[in-house]
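Student: Take a look at the following structure, please.
The values are calculated or read from the model by the stated rules, or taken from the named source; none is laboratory data. Keep in mind that this is a model prediction, so the values were computed, not measured. Here the Cβ is made from the backbone with ideal geometry for all residues, glycine too, and neighbour counts use every protein chain on show. For the accessible areas, the whole protein counts, side chains as well, though only heavy atoms, and no ligand, DNA or RNA atoms are used. Shrake-Rupley method; radii C 1.70, N 1.55, O 1.52, S 1.80 Å.
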Amino acid sequence: MARSTRNQSKNNPSKSEFVQVVEKYLQKAAWTNQELMNEIQVGEAQFYRWARGDSVPRKAIVNRIAVSLAHRLDQTQQKLPHDRFPASDEIDGIVNELLEAAGYRAAVKGKGADYIWHEIAKNQSWTLGYTDIPTTWSQIPDKPGSRPTGLAIEYAEQIGRLLGITTIWEYLTWQEMPLAIRERRVHGIAPFFLALPERFFDYRFSEPCSEEPFSLSAVIVPEQFNNCVYLEDLPNSRVELVHVKGEIGSWAAAILSNSYQNKEFEDRKKAISYLLASANRESEVIPIFVSENVTCQYISKENKLQVIKIKRLENIKLAPAFAFHPDEEKLTVAVNSAIKILPKM
């Protein structure tokens, strides 16, 4: 039987592995975060996003950081006249360590392509990330140590059994998922993840796992506007798109950002509470919660809200899929072969 674990890191946040490695070199170089970011011509705020795990640096940025650190270390550690470039002469080691910490294949050695595939084959188990989704797809267990439940959970465990491996579950927030995959803390994400175009920078996706694709829609407090069918029926200047960071609603809000203001929340409960509170206050602002259609239907039934369509996005159809590290080709091929055997959700 599959075991279940729950990652508690969200209650005790720490710096990402990549930033820890960078700060180790900064200390050796007697340099500050700001001086490094100025050198590579990237805003200092980006450094703190890397530290929190909100995003991961592109490979080109990692290489640029390695070169800048090496040059700085040459200045602080050189021994004239014989050893002018002590760090630059050994730059492969710096590059490799930074690339591995960021989740990329090292230039010379390290976690290469299909690293996770070989690890799964060795341990005969895989660790999948999941999060709480207010539908039948994925729910946190009531008792600590119990397995999560839901359609995506059951489906992933069936895929695991077809591959001959057991499934271990690790709870992640939406914001933790990109870094968890980059650092290979988990082997993949359960198939409730929609394959958005922007997510292809961080993940390799399996084949679709559901019979019906998802679409984008929104939820509104019905008392605020009568006879509203589309988002576009509302006055642009009054609409405020409410969404959860890292979810599909954030992507939709970004697409629509030229027309509407938006408000981002860390979790769905806070976003819905903000939406419900708008019914009891006088304001020119009309908050609209944006997500995919299944979540919107669930939220509307639970809170007696109204689902409306988004005309500009109604032709976009997205399917849930497993999400893996971009270098994991063999694992993706194996999962795709199992998906062909198993009936879709």
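Student: Has region 236-244 got at least one residue that is open to solvent by less than 10 Å² (accessible area, probe 1.4 Å), under 23 Å from the mean Cα position of the chain (by Cα), closer than 12 Å to Val290 by Cβ and not β-branched (Val, Ile, Thr)?
Tutor: yes
Student: Among what's in region 199-214 and is closer than 17 Å to Ser291 by Cβ and open to solvent by less than 50 Å² (accessible area, probe 1.4 Å), pick the residue that is nearest to the chain's Cα centre (by Cα).
Tutor: Arg199
Student: Next up: Which count do you get for residues in region 215-233 that are under 31 Å from the mean Cα position of the chain (by Cα), of a type outside the set (Ser, Thr, Tyr) and open to solvent by less than 20 Å² (accessible area, probe 1.4 Å)?
Tutor: 6
Student: Next up: Filtering region 138-157 down to residues that are open to solvent by 30 Å² or more (accessible area, probe 1.4 Å) and in contact (Cβ under 8 Å) with a residue 40 or more places away in the chain, which residue is nearest to Val335 (Cα to Cα)?
Tutor: The extreme case among them is Leu151.
Student: Would you pick out the residues in region 246-270 that are over 21 Å from Phe192 (Cα atoms), of a type outside the set (Gly, Ala, Ser) and open to solvent by less than 70 Å² (accessible area, probe 1.4 Å)?
Tutor: Across region 246-270, the qualifying residues are Ile255, Leu256, Tyr260.
Student: Can you name the residue in region 296-338 that is open to solvent by 10 Å² or more (accessible area, probe 1.4 Å) and acidic (Asp, Glu) and, of all such residues, is nearest to the chain's Cα centre (by Cα)?
Tutor: Asp327
Student: So, restricting to helices (runs of 4 or more DSSP H) that lie completely within region 1-110, which ones have at least 1 residues that are farther than 25 Å from Trp174 by Cα and at pLDDT 85 or above?
Tutor: Counting at least 1 such residues, we get 17-29, 33-39, 59-77, 91-102.
Student: Please go through region 286-325 and give me each residue that is assigned to a strand (DSSP E or B) and among the hydrophobic types (A, V, I, L, M, F, W, C), ordered by number.
Tutor: Correct list: Ile286, Ile288, Phe289, Val290, Val307, Ile308, Leu318, Ala321, Phe322, Ala323, Phe324.
Student: Being open to solvent by 20 Å² or more (accessible area, probe 1.4 Å) and more than 21 Å from Ser337 (Cα to Cα) is the filter here; which residues of region 185-198 pass it?
Tutor: Result: Arg185, Pro197, Glu198.
Student: Output the number of the condition that Arg185 fails; it satisfies all remaining conditions of (1) of a type in the set (D, E, K, R); (2) over 21 Å from Ala102 (Cβ atoms); (3) in a loop (DSSP other than H, G, I, E, B).
Tutor: (2)
Student: Working only within region 257-282, note down all residues that are assigned to a loop (DSSP other than H, G, I, E, B) and over 19 Å from the mean Cα position of the chain (by Cα). Walk me through it before giving the result.
Tutor: Of the residues in region 257-282, the ones assigned to a loop (DSSP other than H, G, I, E, B) are 257-260, 266-267, 281-282.
Correct list: Ser257, Asn258, Ser259, Tyr260, Arg281, Glu282.
Student: Counting only residues that are out of contact with any Asp or Glu (no Cβ under 9 Å at 6 or more places or on another chain) and over 16 Å from Ser14 (Cβ atoms), how many does region 37-54 have?
Tutor: Number of matching residues: 8.
Student: Okay, next question. Within the group Gly164, Gly160, which residue is under 21 Å from Ser337 (Cβ atoms), more than 20 Å from the chain's Cα centre (by Cα) and surrounded by 19 or more Cβ atoms within 10 Å (Cβ to Cβ)?
Tutor: Working: Gly164 fails: surrounded by 19 or more Cβ atoms within 10 Å (Cβ to Cβ).
The match here is Gly160.
Student: While we're here: Answer with yes or no whether His118 is touching a Lys or Arg at 6+ places or on another chain (Cβ under 9 Å), surrounded by fewer than 18 Cβ atoms within 10 Å (Cβ to Cβ) and in a helix (DSSP H, G or I).
Tutor: It is true that His118 is touching a Lys or Arg at 6+ places or on another chain (Cβ under 9 Å), surrounded by fewer than 18 Cβ atoms within 10 Å (Cβ to Cβ) and in a helix (DSSP H, G or I).
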